[in-house]
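The values are calculated or read from the model by the stated rules, or taken from the named source; none is laboratory data. Computed from a prediction, not measured in an experiment: that's the story for all the values here. As a convention, Cβ positions derive from the backbone with ideal geometry for all residues, glycine included, and neighbour counts pool all protein chains shown. Areas reflect the complete protein model, heavy atoms only, side chains present, ligands, DNA and RNA absent. Shrake-Rupley method; radii C 1.70, N 1.55, O 1.52, S 1.80 Å.
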Protein chains: 2
Amino acid sequence: MAIVAGIEGGGTKFICGIGNEKGEILDSIRIETTSPTETMDKIINYFQCKNFEAIGVGVFGPIELDRDSEEYGTILSTPKIQWQQYNIYKTLKEHFNRPIVIEHDVNAALLGELTWGAAQGLRNAIYYTVGTGVGAGLWLNNQFHHGELHGEIGHMLIPVLEEDTPKGGSCPFHKNCLEGLVSGPGIYHRFGIKGEDIPQESPIWDNVAHYIGIACVNTTLAYAPQRIILGGGVMNQEFLLKKIQEHYLDALGGYGQKKIFIDVENFIVPAQLHNDPGLMGAFALANKILL
Amino acid sequence: MAIVAGIEGGGTKFICGIGNEKGEILDSIRIETTSPTETMDKIINYFQCKNFEAIGVGVFGPIELDRDSEEYGTILSTPKIQWQQYNIYKTLKEHFNRPIVIEHDVNAALLGELTWGAAQGLRNAIYYTVGTGVGAGLWLNNQFHHGELHGEIGHMLIPVLEEDTPKGGSCPFHKNCLEGLVSGPGIYHRFGIKGEDIPQESPIWDNVAHYIGIACVNTTLAYAPQRIILGGGVMNQEFLLKKIQEHYLDALGGYGQKKIFIDVENFIVPAQLHNDPGLMGAFALANKILL
């Protein structure tokens, strides 16, 4: 059984670990995200005394994912200025002569779900993480879809309820895009209260579910997937799923031309990996490159 | 050089023809769309005295496109009741023992653009036809993306301008989806005037371009394509393209993380095939299956 290294790279912390083919975490460490040099030094230091056959990295974007590009693994324009143009792949490759694969963090989490969770065996699946931002992982025709960058459909422009137009969402680029409306910061911006403090019976959740339901409609129309998987901090409110399914069906307006799209309980499902899905996704990436 | 048969199947007419590898139409016939049996009898009759190596069919949807399915080539739920559950592939295969490929009409038109038009050599391209409806052809990673059906992103739900909310769009399913707002019938429903009668200086065109621009933003975020190609009757208003490019950049809000997405003159372009793009697309399908 292959032992692999995984790196989950986020804006505040990097989680590094060693795992097996079952996605079990055999060892892990948390490293604060500071400058690239300092952060990566600690990561390299951690892995240097470990045995593993490959490294999988799921990291925040935007990031160059074209394997044929010289810039493979380079962080592009990001608010984390020090990381702009930093090439994670090259740094790791200099120290570890093993297969290394870099992916957008949401695609990594999706691969975890495809390998051990809610998307096992699927050829077309979309994963949304609704948390600090809204990210989407795209698995189309048995491979990640990157296009010329990677999916940024979390910023999709959707209809805004009239009651929400005066205040609007929090996205600095689009104001009222999906992320601006339903991410944690979006909810806080719009209602002045954090998601975890909003009671279940609050109409705020209907509002949030309405927008995520619309996003699921556009997702269905765009990709015709077998399943949409919803993860991330906002989805920790488990009652939210049923509301989203209802709003999805309502917004679809009877346009579900195949049964799969209206069998909502099997079509819109919660993420199953809760014990560090990002790190498990990174293990899945490393396992996949060894196949 | 291969001589191929092409069929462009629409709700009012089927265009059948014989073409060569350059997409040149060597012969063609127009057949009214009536009942499936009557229509297909005429089609079979036309082709029976012709020489060709393969048949490409681009037809209205929704249609089953999974080659592994027993139902490959079956028209699904459509307002054209007689055609529901009719299998075009089986009927053709009974009469012509040659390679036959069925595609959604917009994907066929996109393949024409990929072969001879505005999308030559691209690995990721999206084609919109804005006409009686809004259809999208999806070419991702050098293949059509069907998912579990095919792209219906022409029905995407987008933000509606406040001035347009009282009247709304024409879509019987979603009212204000892209198709409901900018298709020919959508424009007529909203403004009481046909596209070809609206003068160039009318603010209606800014309104239409605004929505198509937003659709191009969502398309960019969803697929990160190399190019978006716009065709169909509404796009015959050539001045519309520049307005769409402007509204796209405005709605993107500076979120173009790669130069390719903001180089609008190369990114959002008009379709190049005007001499029956549907039939040329069908030829391209037939040529492709012979490769």
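Kindly express, to the nearest 10 degrees and within the range 0 to 90, the angle between helix A:105-116's C-alpha long axis and the longest C-alpha principal axis of chain A.
It is inclined by approximately 90 degrees.
Cross-link list A:175/B:243; B:22/B:93; A:22/A:93; A:259/B:259; A:258/B:93: which exceed 32 angstrom alpha carbon to alpha carbon? Numbers along the way, then the final one.
Numbers: A:175/B:243 22 Å; B:22/B:93 25 Å; A:22/A:93 25 Å; A:259/B:259 40 Å; A:258/B:93 25 Å.
Cα-Cα > 32 Å for A:259/B:259; rest within.
Roughly what % antiparallel, to the nearest 5, for the DSSP beta bridges in region A:121-270?
On the way: 10 of 18 bridges.
Of the beta bridges lying entirely in region A:121-270, close to 55 percent run antiparallel.
Order of A:109-118, B:282-291, A:165-174, A:196-205 by packing, highest average Cβ count within 10 Å first? Could you put the intermediate results ahead of the total?
On the way: A:109-118: 26.2, B:282-291: 23.2, A:165-174: 16.1, A:196-205: 11.9.
Highest mean packing first, the order is A:109-118, B:282-291, A:165-174, A:196-205.
What nm distances, shortest first, do you get from the label point of residue B:237 to those in the other copies when the point sits 7 angstrom along Cα to Cβ?
Spacings between copies for this position, smallest first, are 4.2 nm.
Rg and Dmax in Å for region B:121-270, alpha carbons only: what are they?
Considering region B:121-270 through its Cα atoms, Rg and Dmax are 14.7, 44 Å.
Averaged over A:248-258, how many beta carbons belonging to a partner chain fall within 10 Å of each residue's beta carbon? Show your work: numbers first, answer last.
Numbers: counts 0, 0, 0, 4, 4, 8, 3, 9, 3, 10, 7.
Across the residues of A:248-258, the mean count of other-chain Cβ atoms within 10 Å is 4.
Could you give the nm distance between label points at residue A:164 and residue A:53, where each point is 7 Å from its Cα heading toward the beta carbon?
Computed distance between label sites residue A:164 and residue A:53 equals 4.6 nm.
Below 8 Å, C-alpha to C-alpha, sequence gap of six or more: please give me the relative contact order for chain B in percent. List each step's numbers first, then the result.
Numbers: 599 pairs, mean separation 64.7, N = 291.
Reported as a whole number, the value is 22 percent.
Connecting C-alpha atoms closer than 10 Å in a GNM of chain A, tell me which of A:63, A:81, A:44 has the biggest fluctuation.
Of the options given, A:81 has the highest mean-square fluctuation.
Averaged across A:158-171, how many Cβ atoms of other chains sit within 10 Å of each residue's Cβ atom?
Details: counts 6, 8, 3, 0, 3, 0, 0, 2, 0, 0, 0, 0, 0, 2.
Average neighbour count from other chains, rounded to a whole number: 2.
Heavy atoms only, probe 1.4 Å: what % of the accessible area of region A:164-219 goes to carbon and sulfur, would you let me know?
Working: 1230 of 2240 Å².
Taking all protein chains in place, region A:164-219 shows 55 percent carbon and sulfur surface.
Using a Gaussian network model on chain A with a 10 Å cutoff between Cα atoms, which of A:268, A:75, A:193 fluctuates the most?
Per the Cα network of chain A with a 10 Å cutoff, A:193 tops the list.
So if I place +1 on the C-beta of Lys and Arg and -1 on the C-beta of Asp and Glu, and nothing else carries charge, what would the dipole magnitude of region A:121-270 be about its Cα centre? I want it in debye, nearest 20. Intermediate results must be reported in sequence, preceding the final value.
Working: 10 positive and 15 negative charges, 77 e Å.
Its charge dipole is roughly 380 debye.
How high is the relative contact order of region B:205-270, in percent, with contacts defined as C-alpha pairs under 8 Å that are six or more residues apart?
It comes to 48 percent, rounded to a whole number.
Using a ≥ b ≥ c from the Cα gyration tensor of region B:164-251 (square roots of the eigenvalues), is it rounded, prolate or oblate, where a/c under 1.5 gives rounded and otherwise the larger of a/b and b/c decides, a/b for prolate? Before the final figure, lay out the partial values.
Numbers: a/c = 1.81, a/b = 1.27, b/c = 1.43.
In terms of gyration-tensor shape, oblate.
If you restrict to DSSP beta bridges whose two residues both lie in region A:1-79, what percentage is antiparallel, to the nearest 5?
Details: 14 of 19 bridges.
So the antiparallel bridges in region A:1-79 amount to around 75 percent.
Classify chain A as rounded, prolate or oblate, taking a ≥ b ≥ c as the square roots of the eigenvalues of its Cα gyration tensor: rounded when a/c is under 1.5, otherwise prolate if a/b is larger than b/c and oblate if not. Please report the intermediate quantities before stating the final value.
On the way: a/c = 1.93, a/b = 1.55, b/c = 1.24.
Note, shape of chain A comes out prolate.
Treating the angle as unsigned and between 0 and 90°, give the value, to the nearest 10°, between the Cα long axis of helix B:240-252 and the longest Cα principal axis of chain B.
It is inclined by approximately 60 degrees.
Taking the DSSP beta bridges in chain B as the whole, what percent of them are antiparallel, to the nearest 5? Walk me through the intermediate numbers first.
Working: 25 of 43 bridges.
The antiparallel proportion sits near 60 percent.
Helix A:277-290: angle to the longest alpha-carbon principal axis of chain A, degrees 0 to 90, nearest 10?
On a 0 to 90 degree scale, this one is about 50.
What FRET efficiency do you get for residue A:70 and residue A:291 if R0 is 22 Å and r is their Cβ-Cβ distance, rounded to the nearest 0.05?
Values: r = 26 Å, r/R0 = 1.17.
Once the sixth-power term is evaluated, E becomes 0.30.
Sorted from largest to smallest, which semi-axis lengths in Å does the alpha carbon gyration tensor of the protein assembly as shown give for its equivalent ellipsoid, taking the root of 5 times each eigenvalue? Walk me through the numbers on the way to the answer.
Details: eigenvalues 347, 162, 98 Å².
Those come to 42, 28, 22 Å.
Farthest toward the dipole's positive end in region A:175-256, which of A:224, A:191, A:207, given Cβ charges of +1 (Lys, Arg) and -1 (Asp, Glu) about the Cα centre?
Of the listed residues, the answer is A:224.
Measuring nothing but label to label, 7 Å from Cα along Cα→Cβ, what are residue A:253's distances to the other copies in nm, shortest first?
Counterpart label points of residue A:253 in the remaining copies fall at 2.4 nm.
Mind telling me which of A:236, A:266, A:51 comes out most flexible in a GNM of chain A, alpha-carbon contacts under 10 Å?
A:51
Let me confirm one metric for peptide B:135-147, namely the mean number of other chain beta-carbon atoms within 10 Å of its residues' beta-carbons. Don't jump to the answer; show the numbers that get you there.
Working: counts 0, 2, 0, 4, 0, 8, 7, 0, 2, 1, 7, 5, 14.
That works out to 4 on average.
Looking at region B:1-121, I'd like the Rg to Rh ratio, where Rg is from alpha-carbon atoms and Rh is Kirkwood's inverse mean 1/r.
Details: Rg = 13.8 Å, Rh = 14.7 Å.
On the Cα set of region B:1-121, Rg over Rh gives 0.94.
So, by mean Cβ neighbours within 10 angstrom, what's the order for B:274-281, A:143-150 with the highest one leading?
Numbers: B:274-281: 22.2, A:143-150: 20.5.
Highest to lowest by the protection proxy: B:274-281, A:143-150.
In Å and on Cα atoms, what radius of gyration and Dmax does region A:10-70 show?
Expressed in Å, the Cα Rg and Dmax of region A:10-70 come to 12.9, 33.
Using a label point 7 angstrom from Cα along Cα-to-C-beta, what distances in nm, from shortest up, separate residue B:168 from the other copies?
The projected label point of residue B:168 is separated from its counterparts by 2.5 nm.
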